[in-house]
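**Student:** Mind having a look at this structure? Questions to follow.
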């Protein structure tokens with residue numbers, strides 16, 4: 001069984017990330033894994049639940065989780081650099097993950113940290129913290145930074161399916177000056193502007209949750225990998241390939257899956 005702890009900001013982030021994890025395991029994993037996920041998903045892959053019973057750990061509750069485990073929050077400097085708030089939060093998160101690993105509860109840690117207003121500097125600081133934590137523990141840590149949020153991942157998988165959707169996308173291209181499905185990282189996280197990613201997604205999908213789900217549930221993984229570089233989706237898929245798939249409950253002689261070519 002593959003036990004995964006996932007840290008993220010919302011139920012929506014968990015729905016998207018966990019769905020993509022299962023798709024990567026089933027479609028890019030070794031032979032036999034897809035059938036295992038179909039016949040016995042809970043016995044093949046489980047999500048560690050928090051103290052409220054939800055299948056993910058909310059980033060906003062990191063201090064609560066740490067206190068419940070009697071863990072001290074980290075302070076000071078890391079690799080001779082001052083900690084930003086997000087870096088301190090990440091260290092708290094990895095301290096929790098290390099405790100889970102020591103208790104034998106997890107095989108992999110996945111973190112979904114929306115960049116929103118943090119930008120490249122925040123991503124680099126988080127990556128530095130992740131790399132140091134991985135080196136110290138030897139554990140699998142997937143640190144993904146959707147840009148600006150997981151809504152960008154949904155846009156990366158949007159392909160117009162009707163004349164009305166093609167017209168909506170063309171109108172947005174004229175208004176914004178770029179194709180938001182190809183450059184979701186140029187959109188803003190705030191919902192009050194014309195370039196708001198939430199507004200763009202509402203217009204393109206007619207605010208239909210099922211239509212949005214099809215963008216990441218139905219579009220081929222190879223297509224998502226090719227279109228997902230600006231939003232951070234490609235890096236997430238590749239990290240799952242490199243870090244999580246090797247820990248799957250399959251035979252050692254099963255051949256390794258391959259990433260799609262450019």
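**Student:** Average the reciprocal distances over every distinct pair of alpha-carbons in the chain, invert the result, and give the Kirkwood radius in Å.
**Tutor:** Result for the chain, one decimal place: 19.3 Å.
**Student:** In addition: Can you tell me how much longer the chain between residue 68 and residue 102 gets when fully stretched, taken as 0.36 nm per residue apart minus their C-alpha distance, in nm with one decimal?
**Tutor:** Residue separation times 0.36 nm, minus the Cα-Cα distance, leaves 10.6 nm.
**Student:** Once the Cα atoms of helix 119-137 and of the chain are each reduced to a long axis, what angle between those two axes, in degrees from 0 to 90 to the nearest 10, is obtained?
**Tutor:** 30 degrees
**Student:** Calculate how large, on average over all directions, the projected area of the Cα convex hull of segment 152-220 is; give the answer in nm² to one decimal.
**Tutor:** 4.2 nm²
**Student:** Using only Cα atoms and rounding to the nearest 10 degrees, what angle (0 to 90) does helix 163-176 make with the longest principal axis of the chain?
**Tutor:** Once rounded, one gets 80 degrees.
**Student:** If you don't mind, there's one more thing I want to ask. Kindly rank 99-105, 145-151 from highest to lowest mean number of other beta carbons found within 10 Å of each residue.
**Tutor:** Highest to lowest by the protection proxy: 145-151, 99-105.
**Student:** If you don't mind, another one. Using the Kirkwood formula over every pair of different C-alpha atoms, what hydrodynamic radius in Å results for segment 82-230?
**Tutor:** Evaluated over segment 82-230, this radius sits at 17.0 Å.
**Student:** Set the Förster radius R0 to 30 Å, insert the Cβ-Cβ distance between residue 12 and residue 194 as r into 1/(1 + (r/R0)^6), and round the FRET efficiency to 0.05.
**Tutor:** 0.85
**Student:** If one takes the longest principal axis of the Cα atoms in the chain, at what angle in degrees, from 0 to 90 and to the nearest 10, does the Cα axis of helix 11-28 lie?
**Tutor:** Value to nearest ten degrees: 80.
**Student:** How much mean residue ellipticity at 222 nm does the chain get from its helices, if each DSSP H run of length 4 or more adds -39500 (n - 2.57) and you divide by all residues, to the nearest 500 deg cm²/dmol?
**Tutor:** For the chain, the value works out to -14500 deg cm²/dmol.
**Student:** Kindly provide the pair-distance distribution of segment 1-57 built from C-alpha pairs, with 10 Å bins from 0 and whole-percent values in order of increasing distance.
**Tutor:** 23, 52, 23, 2
**Student:** Kindly state, to the nearest 0.05, the FRET efficiency for residue 247 paired with residue 60, given R0 = 22 Å and r defined as their beta-carbon distance.
**Tutor:** 0.20
**Student:** Suppose each label sits 7 Å from its Cα in the direction of the beta carbon; what would the residue 222-residue 38 distance come out to in nanometres?
**Tutor:** Taking the simple label geometry, residue 222 and residue 38 are separated by 2.0 nm.
Values quoted throughout were computed directly from the atomic coordinates according to the rules given, and no laboratory measurement underlies them. All values derive from a computational prediction rather than experimental measurement. Positions of Cβ are backbone-derived with ideal geometry, glycine not excepted, and every protein chain shown enters the neighbour counts.
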